[in-house]
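Following: one structure in structure tokens, then a few remarks.
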Amino acid sequence: MQSAASPLMPIPGPLDPVPVPRAVTPREDGRIDLMGLSRPQIKSALEEVGLDVKAAKLRSKQLFHWLYHRGETDFEAMTDLAKPMRGWMAERFVVGRPEVVEAQVSTDGTRKWLLRSDDGQDYEMVFIPDADRGTLCVSSQVGCTLNCSFCHTGTMRLVRNLTPGEIVGQVMLARDALGEWPKGNMGAANDADEDEDASQYSPDGRMLTNIVMMGMGEPLYNFEHVRDALKVVMDGDGLALSRRRITLSTSGVIPMMARASEEIGVNLAVSLHAVTKEVRDELVPLNRKYGIEELLQACADYPKASNARRITFEYVMIRDKNDSDEDARELVRLIRKYKLPAKVNLIPFNPWPGTDYECSTPERVRAFSSIVFEGGISAPVRTPRGRDIMAACGQLKSASEKKSKAEIKRLAEEKQAALG
Ligand code: SAH
Ligand code: SF4
């Protein structure tokens, strides 16, 4: 389908993920999967199969509402389409969902899904319920090219960008699983106009209130698909999630940060993890290309940065690596130097099979947190969730991708050599 095709995005640096040169994965039966398409893209799809411009416009509006506001996948249930039209649509289109390979629930209520794409790629998503919110952790790629030394995802060999349909599909699937599509008839369903803040945890009984792009992959290396997917997610006639409830996490792809602010405009989280070149080069090899000071300047320039919408710095606490008092003081100094409206999330390192790193001791984490806090910066310690089902930060990786320690090391060396 030409109109929905997204051009290949040039990936900065020598490490190009295996790209997906299209926004829609073709199906064997020739039907087009509408999932992830915007209203204009649905309209073009309808025109391509023969509807005139006016009809396509009306139908695209109806379909958009059914797809993303009602979560409907069956054209027969779309009651404001004439009966013959429903059959006509079903012959040409489908409304897809990612295939669920495995669904697990942790003792703490965290849920993890292993998903499979039409072309057999596995990726994961995690839902984390809290007292006042429910956060869906969404993947942007299968694997990750960046190979941070403490991250399980970085050890996956296979990498491809997820399509907008696969990204939005995660949110749709979570809503399906949580059973939170609005019920009732179409006439009454126009709560699409509701104030964006009305999608609270309790008033309409919804559990999924927040989205973080912190699953597998580097979202800014799949910029266009992530942008298009999040636009669909934020559209007031569809899922209608407020941009204030969405956070994009990057390991520091500086050249894409300004565009992320302008074209997506969601909250930004930056995976800092270290305050010296030596340590950050080891933990986040991308640091060799885009250094700490440059990264902090890009954060200061992130145009939407303000006290109301602070930048979150993620800092994974690794024993004897990045967790000294001196590191904490340097972190405060750097954040002050760039006058950043910032918050630091301290994440206890989650070990995974084959890693040499260990988590900092609880006393160390507390001491570090106090120093940052006394420096005037909020530094909460994140409680690991879903550890028993390997759903915690940085553990996402499909079981089918297990590799030996030697192989992980060799891959890391290859990727680091490529980064120069
Ligand atoms: N690629 C993006 C988003 C996905 S990673 C990024 O790096 O920001 C999401 C978060 O999980 C990052 O802050 C990452 O540093 C953290 N993480 C990765 N592996 C981890 C581990 N083993 N323990 C704790 N946090 C980890
Ligand atoms: Fe990729 Fe983020 Fe993991 Fe680094 S921490 S390897 S950027 S997913």
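The values are calculated or read from the model by the stated rules, or taken from the named source; none is laboratory data. A quick note: this is a predicted structure, and the numbers were derived from the prediction, not measured. We work out accessible area using only protein heavy atoms, side chains counted, and drop any ligands, DNA or RNA first. Shrake-Rupley method; radii C 1.70, N 1.55, O 1.52, S 1.80 Å.
Data overview
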item	result
Solvent exposure, largest accessible area first (probe 1.4 Å, DNA, RNA and ligands not counted), of Glu374, Glu91, Glu358	Glu374, Glu91, Glu358
Share of pairwise Cα separations in region 48-113, more than 16 Å, in percent	57
Taking N as its residue count, the alpha carbon Rg of region 220-313 over 2.2 N^0.38 Å	1.13
Accessible-area value, Asp325, 1.4 Å probe, nucleic acids and ligands omitted, Å²	60
Accessible-area value, His69, 1.4 Å probe, nucleic acids and ligands omitted, Å²	10
In sequence order, calculated HN-Hα J values of region 82-91 (Karplus, 6.51, -1.76, 1.60; Hz; x Gly/Pro)	4, 3, x, 5, 5, x, 4, 5, 5, 6
